[in-house]
Structure formats: C-alpha cells, structure tokens
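To keep things clear, I will list the structure first and then write my remarks on it.
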Amino acid sequence: MDDSDPHPLLAVYLARREELVRYFRVRLRSEAAAQDLVQDIFLRITPPPTEEIGNPGAYLYRLGTNLMLDRIKQQRRAGRRDADWRDSQTMAAGGQDMADEPPADEVVAARLRLAQIVQVVADMPEPVREAFRLHKLEGLSHAETAAAMGVSRSSVEKYIMASLKRILAKVGR
C-alpha cells in the first residue's frame, strides 16, 4: 500500500461518514450528539490499527455503538451524582429547589442584629439581664427563674417585659 491510499478502515469511514451520522442521529435524537460521536469514531481510528479488520463497516458501527453506550452511562452517572448533590445541598418547596443557607446579605443583617441585641442585653441592669438569660436563653419558666434568682414571679415577669421592651426599642422587630 502506498502513502497516497488511505488505510482501508479510514476509507470506509470517509465513505460512510454521513451514513454513520444518520444512524446515530436516530439513536441519540440529536444532530450535534451524532456529529460528535462520529468525530469520536474518527479520533479512535486515527492512527489506524495495525491489525487487519475483517469487516471495517461493522467495526465502525460497533465502535460507535460502544462509544454511544459509554456516553449514556456517563451521563446517567453524572445525572445521579448531580441529583444526589442537589438533594444534599438544597431542599424543595412547591417543586422549586431552595438552598438550605439563607442569602449572604440576610446572614450579615442577622449577625448585626444579634450583635445589637447582645449589646442591649449587656447594658441592662443586673437583675433584668439575669432574668432574661435564665428565661430566654436557659429556657426556665417564670417560676423557675424566680426560684433561681430568689425573687417573686411577678418581679421576673416585670424584668422580662422590661428586657423585651428595651430590645424592641433599641433594635426593633
């Protein structure tokens, strides 16, 4: 064989390229995907194999089918991986994906608001601050807070009301 004659496999590929595109277009339901696949066939047979191929046409269709199946498997794996990641990172509400994390501007605003509340609580008189801490942060009832502080229940209620009024006045809702 001289250098001007293409390898028999390449010659069959060149002669059947459009036929291969039509064949894979039907199976992939996409012109672009079929063109890509037929191009991949060319890349796989360049340079041509050294061993002789008995039926080059059948070889090209088998190679293309194997490449197509590999792509489909890869796309399914990627789809499952993406779905698993999306499920672990988001939650759905009303058919829409929603991120578990609030937007960054809301996080910053909440941190600033928390810092303001902490400052307001720190500036409260000691009994009001202690009642607020025990009731709101520790979760004790008014009666339990009164017992822990050694004051009446009505005093605790007044302290809690005073702390909430102060927070609302300084920070807002």
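The values are calculated or read from the model by the stated rules, or taken from the named source; none is laboratory data. Only a predicted model underlies this, so the values are computations on that prediction, with no experimental measurement involved. So basically every Cβ, Gly included, is an ideal-geometry build from the backbone, and we count neighbours across all protein chains shown. What goes into the accessible areas is simple: the full protein's heavy atoms, side chains included, and nothing from ligands, DNA or RNA. Shrake-Rupley method; radii C 1.70, N 1.55, O 1.52, S 1.80 Å.
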**Asked** Where the eigenvalues come from the Cα gyration tensor of the chain, what are the semi-axes √(5λ) of the equivalent ellipsoid, largest first, in whole Å?
**Response** 79, 15, 14
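If the chain between Gln39 and Met91 were fully stretched, how many nm would it gain, using 0.36 nm times the residue separation less the Cα-Cα distance?
Values: separation 52, 0.36 × 52 = 18.72 nm, distance 4.04 nm.
The span from Gln39 to Met91 would gain 14.7 nm if fully extended.
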**Request:** Give the angle, between 0 and 90 degrees and rounded to the nearest 10, that separates the Cα long axis of helix 8-28 from the longest principal axis of the Cα atoms of the chain.
**Result:** 40 degrees
**Fill in**
Using a 1.4 Å probe on heavy atoms of the protein chains only, the accessible area for Lys170 in Å², nearest 10, reads 140 Å²
**Fill in**
Quick tally, 1.4 Å probe accessible area for Arg111, Arg81, Arg129, sorted with the most first, runs Arg111, Arg81, Arg129
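What accessible area per residue, rounded to a whole number of Å², is obtained for the chain using a probe radius of 1.4 Å?
Values: 12170 Å² over 173 residues.
Per residue, the chain has an accessible area of 70 Å².
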**Asked** Taking the alpha-carbon set of segment 1-94, what are its Rg and Dmax in Å?
**Response** 18.4, 68
**Prompt:** Which of the lysines could a cross-linker span from Lys158 if the Cα-Cα distance has to be under 23 Å and same-chain partners fewer than 8 positions apart are dropped?
**Reply:** Lys136, Lys170
**Request:** Only Cα pairs under 8 Å and at least 6 apart count here; give the relative contact order of the chain as a rounded whole percent.
**Result:** 14 percent
**Fill in**
Under a 1.4 Å probe, counting only protein heavy atoms, Ser152 has an accessible area in Å², nearest 10, of 60 Å²
**Request:** Give the Rg (one decimal place) followed by the Dmax (whole number) of segment 77-173, computed from C-alpha coordinates and expressed in Å.
**Result:** 20.7, 66
**Asked** So how far apart, in nm, are the two label points at Thr50 and Ala83 if each is 7 Å from Cα heading toward Cβ?
**Response** 4.6 nm
